[in-house]
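Worksheet for the structure shown next.
What follows draws every value from the coordinates through simple rules; no lab data is involved. As the structure is a computational prediction, the values presented were derived from the model and not from experiment. No Cβ is skipped: glycine too gets one built from the backbone with ideal geometry, and neighbour counts run over all protein chains shown.
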Amino acid sequence: MHWSRDELGDITIRRCFYVSEFAQEREQQDARFKKMDQFILDLKQEKFNGSYDLAYKVINHLRKLISQTRWAHAKELMGVIRKEGKQLVAAQPSEYVIGNMVRRVLKIVREEYVRLLGKSEEFANTESLHKMLTSAETEDEKYMKSLKELKTTVMEAVSEYIDEMDASIHNIAAQAIEHIHSNEVILTIGKSRTVEAFLKQAAKKRKFHVIVVEGAPLYHGHELAASLAAHNIETTIITDSAVFAMMSRVNKVIIGTHSVLANGGLKAVSGAHIVAQAAYQHAVPLIVLGAMFKLCLLHYSDIGGSEATFNRLASPHRVLDYYKAGSQDLCNVQVYCPTFDYVPPELVTLFISNIGGNAPSYMYRLLSEMYHPNDHEL
């Protein structure tokens, strides 16, 4: 076959164009991988400030992944999110909000897919035994229809969920007037931004007294007490050892939490278990404040009490001055300084989230609304 000079020129131009486009795409892909690797490194180095900051960074990372990755249909997109989610969870296994955000985004993809197909959201939310037995499609065959509008709708839905997260503290604080009354004595431990906003909102219309447990050895309670006192809230700081003695004067205990487990138990700041037990012995209601993104699928029995996945051990230098102590005094001594406590659900009276108040026994229902059953295992 003979080619003319013009035809050869066109072929050369097209080849150069394709090579240039491929090189540009390869550079963008390499840059994207570098950003993902950097984010995983930041997770391992704990470069985040609290659960909300971590959840915000994770869901923003997933949103960029959705927009910058090529995928043909919803099933392929969910596979990309799962693969990335496993790496994020492995980088910081003790932070359950990472898995929560991954599962929540997967649920959003499922809901937007069935909505574009003209089906109700209940089709994506529920998997009854009858439906699984009578359905002609298997799980592998579902979500494989190519929909042009899927990326746009998923991005919009994720952005709406981020807005919901932004308003979560405000929505929780708006319920303060219903739970705090005048002349009450409120006890809390450590420093929680949600509890701080909750108490300050109630102080706009109520006069009450707050007792803050200092939370040794980190002493974050001092920061909360100073902030409340600056807003003209009567505040008293007590040591951790004085909790049981002071509990008889307390009307309510209000604490924040790091995570809410599937059985209604809490992964809360160290010392919260002692406060919860004292409140239970004195029949004082224990109210827990936490946004819905902190609700996770794990049970404490699933974790097995493993300190590697449930807890984090901080440096004991605040309670053990090993510079002054002799080397022989510390020989064969192991000192553990846990960051979190597990609070069983029977010690919790009420859980207040950004969608209202619920008993710990109702957590299973909230979980079914937030996450899809097929996404429990990433």
### Query
Using 7 Å Cα-to-Cβ label points, what is the Arg70/Asn183 separation (nm, one decimal)?
7.2
## Note on the structure
Between Ala242 and Val333, the FRET efficiency computed from the C-beta separation at R0 = 30 Å comes out, to the nearest 0.05, as 0.60
### Task
With label points built 7 Å along Cα→Cβ from the Cα atoms of Lys205 and Arg365, find their separation and express it in nm.
2.6
#### Entry: Furthest towards positive pole of dipole, Ala245, Val212, Ile233, structure part segment 169-375, Cβ charges
Ile233
#### Entry: Per-bin percent of Cα-Cα distances, segment 169-375 [10 Å]
8, 33, 34, 17, 6, 1
### Violating pairs (Cα-Cα greater than 32 angstrom) within the set Lys204/Lys267; Lys107/Lys205; Lys64/Lys200
Lys107/Lys205; Lys64/Lys200
## Note on the structure
Going from the fewest other Cβ atoms within 10 Å to the most, one would list His317, His222 as His317, His222
## Note on the structure
Simple SL model, points at 7 angstrom along Cα→Cβ for Glu46 and Val319; separation in nm is 1.6
#### Entry: For segment 169-375, with +1 on Lys and Arg beta carbons and -1 on Asp and Glu, the positive-most of Ser361, Thr349, Leu297 along the dipole
Thr349
### Task
Determine the dipole magnitude for segment 169-375: charges of +1 sit on the beta-carbon of Lys and Arg, -1 on that of Asp and Glu, nothing else is charged, the reference point is the Cα centre, and the result goes in debye to the nearest 20.
580
### Task
Give the peptides 246-257, 170-181, 203-214 in descending order of average Cβ contacts within 10 Å, highest first.
246-257, 203-214, 170-181
### Task
Compute the length gained on full extension between Leu117 and Tyr219: take 0.36 nm times their separation in residues and subtract their Cα-Cα distance, giving the result in nm to one decimal.
31.3 nm
